[in-house]
1. Using a Cα-Cα cut-off of under 17 Å, which aspartates and glutamates could be cross-linked to K7, ignoring same-chain neighbours fewer than 8 residues away?
2. Give me P(r) over the chain, computed from all C-alpha to C-alpha distances, binned every 10 Å, as integer percentages.
3. So with the 1.4 Å probe, I'd like the accessible area per residue for the chain, rounded to whole Å².
4. For L22, project a label point 7 Å along Cα to C-beta. Then give me every residue of segment 50-74 with its amide nitrogen under 17 Å of that point.
5. Calculate, for A29 and D56, the FRET efficiency according to 1/(1 + (r/R0)^6) with r their C-beta to C-beta distance and R0 22 Å; round to the nearest 0.05.
6. Leaving ligands and nucleic acids out of the surface, order D56, D71, D37 by accessible area at 1.4 Å, largest first.
7. Using Cα pairs under 8 angstrom and six or more residues apart, how large is the relative contact order of the chain, in percent?
Amino acid sequence: MNADYEKAVGQKLRYLREKSGLTQEQLSAKLQVNGCDITRSALAKIEVGQRHLYIDELKQFKKILCVTYNDILE
């Protein structure tokens, strides 16, 4: 994936997380409960575009944050 696009998606995820009133720790805990092994540190890296986001993770972000794929990817 393009590094600029990954950074933009990460920034969008951060915005959506903050809009939902969740900390990185809270969101990573919710992801882990739903079977997505993302630590707070990994989430921080996703948010700044330093770690790839996988399809199964994207699905869980969508579910937990109650958003659409377009909300995340555009």
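1. Partners found: E18, E47, E57, D71, E74.
2. 21, 63, 16
3. Value returned for the chain: 64 Å² of accessible area per residue.
4. Hits in segment 50-74 for L22 at 17 Å: 53-73.
5. Efficiency, from the Cβ-Cβ distance: 0.80.
6. Most to least solvent-accessible, the answer reads D37, D56, D71.
7. It rounds to 41 percent for the chain.
The values are calculated or read from the model by the stated rules, or taken from the named source; none is laboratory data. From a predicted model like this one, the values you see are computed outputs, not experimental measurements. All Cβ positions, even for glycine, are placed from backbone atoms using ideal geometry, and neighbour counts span all protein chains on display. Ligands, DNA and RNA are excluded from the accessible area calculation, which covers all protein heavy atoms including side chains. Shrake-Rupley method; radii C 1.70, N 1.55, O 1.52, S 1.80 Å.
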